[in-house]
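The values are calculated or read from the model by the stated rules, or taken from the named source; none is laboratory data. Since the model is a prediction, treat every value here as computed from it, not as a measurement. Because the Cβ atoms are built from the backbone with ideal geometry, glycine has one as well, and the counts that use them run over all protein chains shown. The area values use the complete protein model at the heavy-atom level, side chains included, leaving out ligands, DNA and RNA. Shrake-Rupley method; radii C 1.70, N 1.55, O 1.52, S 1.80 Å.
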Amino acid sequence: MKVRKSKDIQSCLIKKGFRLTTEKYHHQYYNLFVEGKKQHIYTYFSHGIKDYDKTLMREIKKQLKFKDAAKAEDFFDCTMSGEQYIEMLSDNNEL
């Protein structure tokens, strides 16, 4: 996973159906919403981190239920649509 800016990741999440749900303990939590319903899939960001390195990107990949890095890269590069992401989650029995 390549290094990415926090604001770019958050922007991508919002485009794919995630919403900022809470801000607590210096973190911003984003949950996936499908058809208006909050799902169990989420990730969070620290206010103090501007760039997410490979280690943090691997953690986000796990939180977002990606099985391989290539699909996660497609998601963050915006070549995977929100619909494709939801379809992948359904195929993997995550939704």
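Per-structure values
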{"item": "Single residue of region 5-50 satisfying the filter (of a type in the set (D, E, K, R) and modelled with pLDDT under 90) that is farthest from Ser90 (Cα to Cα)", "result": "Lys50"}
{"item": "Pair list, Cβ < 9 Å and 6+ apart or interchain, from region 1-16 residues that are over 12 Å from Phe75 (Cβ atoms) to residues that are outside any helix (DSSP H, G or I) and aliphatic (A, V, I, L, M)", "result": "Ser6/Ile49; Gln10/Leu20; Ile14/Leu20"}
{"item": "Selection count, region 1-52, where residues are farther than 20 Å from Ser81 by Cβ, open to solvent by 100 Å² or more (accessible area, probe 1.4 Å) and touching a Phe, Trp or Tyr at 6+ places or on another chain (Cβ under 7 Å)", "result": "0"}
{"item": "Selection from region 53-77 of residues that are surrounded by 13 or more Cβ atoms within 10 Å (Cβ to Cβ), of a type outside the set (Gly, Ala, Ser) and touching a residue at least 40 places away in the same chain (Cβ under 8 Å)", "result": "Met57, Arg58, Ile60, Lys61, Glu73, Phe75, Phe76"}
{"item": "Single residue of region 34-71 satisfying the filter (assigned to a helix (DSSP H, G or I) and of a type in the set (Val, Ile, Thr)) that is farthest from the chain's Cα centre (by Cα)", "result": "Thr55"}
{"item": "Residue check for Tyr85: surrounded by 12 or more Cβ atoms within 10 Å (Cβ to Cβ) and touching a strand residue (DSSP E or B) at 6+ places or on another chain (Cβ under 7 Å)", "result": "no"}
{"item": "Sole exception among (1) in a helix (DSSP H, G or I); (2) over 11 Å from the mean Cα position of the chain (by Cα); (3) hydroxyl-bearing (Ser, Thr, Tyr) for Thr22, by number", "result": "(1)"}
